[in-house]
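Just below is one structure, and these are the notes that go with it.
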Amino acid sequence: MKLRKIVLAAALTAAGAGALLTAPAAMAQEQYLPVLSYRTGPYAPNGTPTANGIVDYYKLVNERGGINGVKILVEECETGYDTARSVECYERLKGKNGGAALIHPWSTGATFALTEKAPVDKIPLITTGYGRSESADGMVFKWNFPLLGTYWVAADVIVQAIGKKEGGLDKLKGKKIALVYHDSPFGKEPIPLLQERAKMHGFDLQLLPVTAPGVEQKATWLQVRQSRPDYVLLWGWGVMNSTALKEAQATGYPRDKMYGVWWAGAEPDVRDVGQGAKGYNAVTLQHGTDRNAPIVKEILDKLHAKGKGTGPKEEVGETLYLRGVVSAAMGVEGIRAAQERFGKGKVMTGEQVRWGLENLNLTQAKLDALGFKGVLRGPISTSCTDHVGSGAARIHTWDGSKWAFSTDWFDADSQIIKPMVKSTAAKYGAEKKLEARPAADCSS
């Protein structure tokens, strides 16, 4: 396990040795935000730009003056996308520098492992677009925040997009849809939603697991070639995605009939395949690649132009880099919301930040003011019962050289998802013997 400390506050760069002597006092006024990252191993090409986006956003917040004056202190811990190492990083960092205000697990496996630890340690988990889909229910999962979308949201929007392409959801009757998925908690997440939609619309769902990391898929694509599904959904991560696209090309499966989850729809997934991936679609966690967004231009101007950027400036604005920026922003806005109640200009505890994350009210005007015009759609609004805040998503398509949006916004069908969330969360609560969250907890 490798620790990488990144001091983002200006104090240590201001006055040499004198500043070093006063660092402990300064750090008492810094908000400690550990980063669980993976810059090594088979998932490094995807994990590295995400981590760079997170750290750059924290740097930008400090350049802007902090969160109402409170600067951010960051420490990275290398997990290699391994659950055990992720838990080890969490345990090592959670109590340092006054305590972690929040944690981004950056892995569904790690999220499953940390879900039982967070209530004890009183540290909120932000899982933007990943983790347990039923953790949208804040009455059971008080400390989990799958902000902007769960895997059930992603799967639902993909089915809606396919239905629209076919001329209506009723046209899915008799169709065959295959799910090629990473054989892990992450890959299995969309199955309940797809099974529900299959019953509703009468399509046949074929489940094709792929052993991690996914470099060997020939047997899987032999099955695809034999069954010839009308559509293939790709629920992959890392090298699995480019491998799947290459195998689809080799077996002659049309890429425009393929739809990936938002973790299978970024530059590392298609760059090596190039024209061979042309027509491939992926649902987005609201944003795609946007090199002209105000937030991207500000990061380039205030950080990279001055030699303060974390990674290569060429990746700034790419999908995974922007995913890191967006995720970091959600946490920062949770801290800001907490300060509105518990004291502006003060360092917030994990418990206070949890309240802030549960009371987000990010209107379009607020998002635009933060630099996310055209990147995020407001409102993103959370509550005691809703820890997601938004079920909006779009589809983007690879044209052989770049990603471009190919649909307008879809809203996941809450009439399908909400009952699934409630029943699955209740089952989890019963299994873990969790006490029901009192209604008074939501008004305090």
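Seen from Gln364, the other residues with C-beta closer than 11 Å to its C-beta sum to a net charge of +2, counting Lys and Arg as +1 and Asp and Glu as -1.
Amide H contacts for Leu285 (H built 1.01 Å from N in the peptide plane; partners 5 or more residues away or on another chain; cut-off under 5 Å): none found. Once C-alpha pairs closer than 8 Å and six or more residues apart are averaged by separation and normalised to the residue number of region 54-206, the relative contact order reads 15 percent. Across region 360-367, computed HN-Hα scalar couplings (Karplus, 6.51 cos²θ - 1.76 cosθ + 1.60, θ = phi - 60°) run 6, 9, 9, 6, 4, 4, 5, 4 Hz from first to last residue, x flagging Gly and Pro. Oblate is the label for region 169-223. Its Cα gyration tensor axes, ordered a ≥ b ≥ c, give a/c of at least 1.5 and b/c at or above a/b.
Taking Cβ atoms as reference points and 12 Å as the exclusive limit, the residues near Ile417 contribute a net charge of -4, counting Lys and Arg as +1 and Asp and Glu as -1.
In the calculated pair-distance distribution of the chain, the portion above 33 angstrom amounts to 32 percent of the Cα-Cα pairs. In this model, which of Lys165/Lys246; Lys171/Lys199; Lys173/Lys402; Lys122/Lys418; Lys302/Lys346; Lys94/Lys142 are farther than 22 Å apart at the alpha-carbon? In this structure, Lys165/Lys246; Lys173/Lys402; Lys122/Lys418; Lys302/Lys346 lie more than 22 Å apart at Cα.
Proximity of backbone amide H atoms, modeled 1.01 Å from N, is registered between Leu207 and Leu179 at under 5 Å, excluding neighbours fewer than 5 places apart on the same chain.
What the Cβ-Cβ distance of Ile416 and Asp230 gives, at R0 = 25 Å and to the nearest 0.05, is a FRET efficiency of 0.75. Pair-distance distribution of region 82-205: all C-alpha pairs, bin width 10 Å, starting at 0; shares per bin in whole percent are 13, 37, 26, 16, 7, 1. By the equivalent-ellipsoid construction on the alpha carbon gyration tensor, region 48-115 comes out with semi-axes of 24, 14, 9 Å, ordered largest to smallest.
Per-residue ellipticity at 222 nm from helix content only, as computed over the chain with -39500 (n - 2.57) for each DSSP H run of at least four residues, stands at -12500 deg cm²/dmol. Region 67-131 and region 383-427 have their alpha-carbon centroids 24 Å apart. Across region 287-444, the mean sequence separation of Cα contacts (distance under 8 Å, 6 or more residues apart), normalised by length, yields a relative contact order of 17 percent.
Within the shell defined by Cβ-Cβ distances under 12 Å, the residues around Gly69 carry a net charge of +4, with Lys and Arg each +1 and Asp and Glu each -1. Here the spin labels are modelled as points 7 Å beyond Cα on the Cα-Cβ line, and at Cys384 and Lys176 they lie 5.0 nm apart. Relative to the compact-globule estimate of 2.2 N^0.38 Å, the Cα radius of gyration of region 137-199 comes out at 1.30. A cut-off of 5 Å between modelled amide H atoms, ignoring neighbours fewer than 5 places along the same chain, links Val35 with Glu75, Glu76, Cys77. Placing a label point 7 Å from the Cα of Glu166 along the Cα-to-Cβ direction, the residues of region 242-256 whose backbone N falls under 20 Å of that point are 253-256. For the chain, the relative contact order is 18 percent, taking Cα pairs closer than 8 Å that sit 6 or more residues apart in sequence and dividing their mean separation by the residue count.
Taken one residue at a time, the phi angles of region 72-89 give Karplus couplings (6.51, -1.76, 1.60, θ = phi - 60°) of 9, 10, 10, 9, 8, 9, 7, 10, x, 6, 10, 4, 4, 5, 5, 5, 4, 4 Hz. Gly and Pro are set to x. Applied to region 152-168, the Karplus parametrisation 6.51 cos²θ - 1.76 cosθ + 1.60 on θ = phi - 60° returns per-residue 3J(HN,Hα) values of 6, 4, 4, 5, 5, 5, 4, 4, 4, 5, 5, x, 5, 4, 7, x, x Hz, with x for Gly and Pro. How many percent of DSSP beta bridges within the chain run antiparallel, rounded to 5? Antiparallel bridges: around 40 percent, rounded to the nearest 5.
In terms of the Cα gyration tensor, with a ≥ b ≥ c the square roots of its eigenvalues, is region 329-444 rounded because a/c is under 1.5, prolate because a/b exceeds b/c, or oblate? Judged from the Cα gyration tensor, region 329-444 comes out oblate (a/c at least 1.5, b/c at or above a/b).
For region 242-339, just say rounded, prolate or oblate: build the C-alpha gyration tensor, square-root its eigenvalues into a ≥ b ≥ c, call rounded for a/c under 1.5, and beyond that prolate if a/b exceeds b/c, oblate if not. Verdict is prolate for region 242-339.
Every number in this text was worked out from the coordinates using simple rules, so none of it is lab data. Being a predicted model, the structure only gives us computed values, none of them experimental. Cβ: placed from backbone, ideal geometry, glycine included. Neighbour counts: every protein chain shown.
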